[in-house]
There are 2 protein chains.
Amino acid sequence: MTSTPIPAPGGREPGLADLADLLHLDQQICFSLHAASRAFGGVYRVLLKDVGLTYPQYLVMLVLWEHGELPVKKVGEHLRLDSGTLSPLLKRLEAAGYVRRERSAADERSVTVRPTEEGLALRERAREVPLRIGAATGFDLDEIRDLRARLDRLTRALDRAARDGAALGPV
Amino acid sequence: MTSTPIPAPGGREPGLADLADLLHLDQQICFSLHAASRAFGGVYRVLLKDVGLTYPQYLVMLVLWEHGELPVKKVGEHLRLDSGTLSPLLKRLEAAGYVRRERSAADERSVTVRPTEEGLALRERAREVPLRIGAATGFDLDEIRDLRARLDRLTRALDRAARDGAALGPV
DNA sequence: CACAATTAAGTTGTGCACAATCAAATGGCC
DNA sequence: GGCCATTTGATTGTGCACAACTTAATTGTG
């Protein structure tokens, strides 16, 4: 199939001004996202310093607090991270005493990650983090919900595009 | 000042359900952003592979294509990156032949980054990237604009919170 | 049972992000 | 001029993200 640069959902043909705009907006939407993600990282870094976790480690602990005990594979599915990222991260969490990793008896390929007592206790110390993050955003609940929905839709579209590469092929 | 966990802009007192919700939404908004940012990275990785740039390198080249020649400091201001990130990145771009770095004669502390002919030629090869990214998002121009505005507002709020730490202090 | 294909983790290598630190150059101020 | 704070990059160290590869265990199939 040949290129349809932007399949305008409204069915409207983009004019020249829109196209010129897009060449900038492209830069800006990805950059805005990148910047927002790093800004979040900065706030989490401050908040989690006392707790003793990095932001990705915090995400892993959130998953474990909720599910209690999971194979590495499942943790990766929840967070969309692969073993190349999780293996060293989990080792650091284990070295810090927050989780234990054990080979599954049922399936020797699988490694089960389980929060320790200390890891569970960490939940208390991180209890206030969500509210402070919420306050730092300056967004109210509805705005957060709405933004989250848009981002998730965006992620699904991007994942789809990257997977089947349909929109990415030669123009 | 004491804590006002979420200063609801609507003036509405958040109920218990909202608060419980927030403890999850917090996780979800930061995670959604994180995921969207990485999803973008994946699409850019595919698109830029042929061009021979990583996504952050592409951002630097965008800045240089637009401004022609800048001190490292200015590049960092445009992208919110510090020298610890830019120095090795720029060295890789120089090794690839896309930029040249020269000490400024006027101020020996400053290093000027200038795209080479090859670096400028790269612009042609990256010309279609924005449209393909736009197509991959599945968003139309208005949606992109709107999302960008929200993200920028979020980034400003988070930066402010991280800087003066007002919202981050002990509750 | 034997053997190929698949799956789960781990390992290695590259690159980005950022804190902390350092060195050199500059500019203001007495 | 001499001194000190500031500015600008570079360097070092830690950690995340991901591609490519390896190893070991499991599953499927003839």
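The values are calculated or read from the model by the stated rules, or taken from the named source; none is laboratory data. In this text the structure is predicted, and so the values were computed from the model without any measurement. Cβ atoms come from the backbone with ideal geometry, glycine included; neighbour counts cover every protein chain shown. Side chains included, ligands, DNA and RNA excluded: accessible areas come from the protein's heavy atoms. Shrake-Rupley method; radii C 1.70, N 1.55, O 1.52, S 1.80 Å.
Evaluate the following for A:Tyr55: is it facing chain B (nearest Cβ under 9 Å), out of contact with any strand residue (DSSP E or B) (no Cβ under 9 Å at 6 or more places or on another chain) and in contact (Cβ under 8 Å) with a residue 24 or more places away in the chain? It is false that A:Tyr55 is facing chain B (nearest Cβ under 9 Å), out of contact with any strand residue (DSSP E or B) (no Cβ under 9 Å at 6 or more places or on another chain) and in contact (Cβ under 8 Å) with a residue 24 or more places away in the chain.
Once the range A:103-146 is narrowed to residues that are more than 7 Å from chain B (Cβ to nearest Cβ) and β-branched (Val, Ile, Thr), the residue that is nearest to the chain's Cα centre (by Cα) is A:Val129. Restricting the first member to the range A:147-165 and to residues that are at the interface with another protein chain (Cβ under 8 Å from one of its Cβ atoms), and the second to residues that are of a type in the set (Phe, Trp, Tyr), the beta-carbon pairs closer than 8 Å and six or more apart or on different chains are A:Leu147/A:Phe139; A:Leu154/B:Phe139; A:Ala157/B:Phe139; A:Leu158/B:Phe40.
Evaluate the following for A:Gly97: is it over 20 Å from the mean Cα position of the chain (by Cα), away from DNA strand C (no atom under 16 Å from the Cβ), surrounded by 15 or more Cβ atoms within 10 Å (Cβ to Cβ) and over 12 Å from A:Pro71 (Cβ atoms)?
On the way: over 20 Å from the mean Cα position of the chain (by Cα): yes; away from DNA strand C (no atom under 16 Å from the Cβ): yes; surrounded by 15 or more Cβ atoms within 10 Å (Cβ to Cβ): no; over 12 Å from A:Pro71 (Cβ atoms): yes.
Criteria not met by A:Gly97.
Please enumerate the residues belonging to the range B:73-88 that are open to solvent by 30 Å² or more (accessible area, probe 1.4 Å), more than 13 Å from every other protein chain (Cβ to nearest Cβ) and either within 13 Å of DNA strand C (Cβ to nearest atom) or within 14 Å of A:Ala35 (Cβ to Cβ) (or both). Selection gives B:Lys73, B:Ser83, B:Gly84, B:Ser87, B:Pro88. Does B:Glu108 count as within 16 Å of DNA strand D (Cβ to nearest atom), out of contact with any His (no Cβ under 7 Å at 6 or more places or on another chain) and either open to solvent by 20 Å² or more (accessible area, probe 1.4 Å) or assigned by TED's automatic domain parsing to the domain that holds B:Thr54 (or both)? Yes, satisfied.
Need the failing condition index for A:Leu48 against (1) open to solvent by less than 20 Å² (accessible area, probe 1.4 Å); (2) at pLDDT below 95; (3) more than 13 Å from every other protein chain (Cβ to nearest Cβ), just the number. Every listed condition holds for A:Leu48 apart from (3). Just one of (1) free of Cβ contacts under 8 Å to residues at least 24 places away in the same chain; (2) among the aliphatic types (A, V, I, L, M); (3) crowded, with 17+ Cβ neighbours inside 10 Å fails for A:Val60. It is (1).
Here B:Ala105 does not qualify as within 15 Å of DNA strand C (Cβ to nearest atom), touching a Gly at 6+ places or on another chain (Cβ under 7 Å) and either outside any helix (DSSP H, G or I) or under 30 Å from A:Arg125 (Cβ atoms) (or both).
Scanning the range A:130-151 for residues that are in a helix (DSSP H, G or I), more than 12 Å from B:Leu33 (Cβ to Cβ) and of a type outside the set (A, V, I, L, M), we see that the one that is most open to solvent (accessible area, probe 1.4 Å) is A:Asp142.
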